[in-house]
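Colleague: Structure below; questions to follow.
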Amino acid sequence: MALATAAQVRALSPSLSSADDTTINALIARIDAAFARYCLHPSPDSGAPTMEAATYTTFPGRYDLGMGDDANVCVVPTPPILSITSVHIDAEQDYGSNSLLAAAEYVKDGRRVELTVDADHTWGHSHRANKVIVSAGYTIADHPTLTDAAIVQCIHQIGNTSTAGSTSTQTRGGSRSVAPLSLLPEVREMLADYRLAVP
């Protein structure tokens, strides 16, 4: 599912018609990638940055691991985890079945993967010893703010495409300044809670 549909964009921009749907859909896909970059999301395995759910293969290192009482905690550098596909801890980097943790050995919480007290493994500290594959991102139906932000940005970009690269445009009464096609301040404000930060 995309951040927004062409019909949702057209509903708020009467000058658009169904003939514009291909353009709108392509623009929404580019806006999704721009949102993900602004929110500091890494690229998923597919290579295309997105706010939506995607698969991420990560290799949490020493800076992603907790210390002391939190030594069983790992923070993956992804958007919030929706589900964990697999966790391997293997200093040899073979990631075979003998280093695969059972699902009962870990739990997810936001961006954290925490080993349970009865886990047979501990996080490795050697290079790429930990391999965590997750599905992470946002279920768009549960995040209407992302849809609203995408619609606002899409309408802005469609309405100002003819003035791209200009700082002003001529009108009957003189000239007026033109907003750049970058993310609008109000859109950045809407995305504030989605930006990744050090937990």
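The values are calculated or read from the model by the stated rules, or taken from the named source; none is laboratory data. Keep in mind the model is a prediction, meaning the values are calculated, not measured. Using ideal geometry, Cβ is built from the backbone for each residue, glycine included, and neighbour counts are taken over all protein chains shown.
Colleague: State the number of residues belonging to the range 79-119 that are in a strand (DSSP E or B) and either closer than 16 Å to residue 138 by Cα or in contact (Cβ under 8 Å) with a residue 12 or more places away in the chain (or both).
Modeller: The qualifying residues number 17.
A quick yes/no check of all residues on (1) in contact with a His (Cβ under 8 Å, 6 or more places away or on another chain); (2) exposed (fewer than 15 other Cβ atoms within 10 Å of the Cβ):
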site	(1), (2)
57	no, yes
76	no, no
79	yes, no
83	no, yes
98	no, yes
129	no, no
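Colleague: Against the conditions (1) on the phi > 0 side of the Ramachandran plot; (2) touching a Leu at 6+ places or on another chain (Cβ under 9 Å), where does residue 47 fall short? Just the number, please.
Modeller: (2)
Colleague: Answer yes if at least one residue in the range 151-160 is part of a helix (DSSP H, G or I) and loosely packed, with under 13 Cβ neighbours inside 10 Å, and no otherwise. Spell out how you get there, then give the answer.
Modeller: Narrowing the range 151-160 to residues part of a helix (DSSP H, G or I): 151-159.
Among the residues that remain, those that are also loosely packed, with under 13 Cβ neighbours inside 10 Å are: none.
Taking every residue of the range 151-160 in turn, none turns out to be part of a helix (DSSP H, G or I) and loosely packed, with under 13 Cβ neighbours inside 10 Å.
Colleague: Shifting gears a bit: Report, by residue number, each residue of the range 28-64 that is outside any helix (DSSP H, G or I) and more than 22 Å from residue 142 (Cβ to Cβ).
Modeller: 43, 45, 47, 57, 58, 59, 60, 61
Colleague: Does residue 44 qualify as being in contact with a His (Cβ under 7 Å, 6 or more places away or on another chain) and surrounded by 15 or more Cβ atoms within 10 Å (Cβ to Cβ)?
Modeller: It is false that residue 44 is in contact with a His (Cβ under 7 Å, 6 or more places away or on another chain) and surrounded by 15 or more Cβ atoms within 10 Å (Cβ to Cβ).
Colleague: Scanning the range 30-41 for residues that are of a type outside the set (Phe, Trp, Tyr) and surrounded by 15 or more Cβ atoms within 10 Å (Cβ to Cβ), which turns out farthest from residue 150 (Cα to Cα)?
Modeller: Applying the first criterion (of a type outside the set (Phe, Trp, Tyr)) to the range 30-41 yields 30-34, 36-37, 39-41.
After this cut, where a residue has to be surrounded by 15 or more Cβ atoms within 10 Å (Cβ to Cβ) as well, the list is 31-34, 36, 39, 41.
Values: 31: 7, 32: 7, 33: 11, 34: 10, 36: 12, 39: 14, 41: 17 Å.
Across the range 30-41, the extreme among qualifying residues is 41.
Colleague: Are any of the residues in the range 132-141 more than 15 Å from residue 89 (Cα to Cα), among the hydrophobic types (A, V, I, L, M, F, W, C) and either modelled with pLDDT under 95 or part of a helix (DSSP H, G or I) (or both)?
Modeller: Yes.
Colleague: Next question, about the same structure. For the range 161-199, what are the residues that are closer than 19 Å to residue 33 by Cβ, at pLDDT below 90 and surrounded by 13 or more Cβ atoms within 10 Å (Cβ to Cβ)?
Modeller: Matches in the range 161-199: 180, 181, 182, 196.
Colleague: Criterion first (more than 22 Å from the chain's Cα centre (by Cα) and acidic (Asp, Glu)) does residue 109 satisfy it?
Modeller: Answer is no for this residue.
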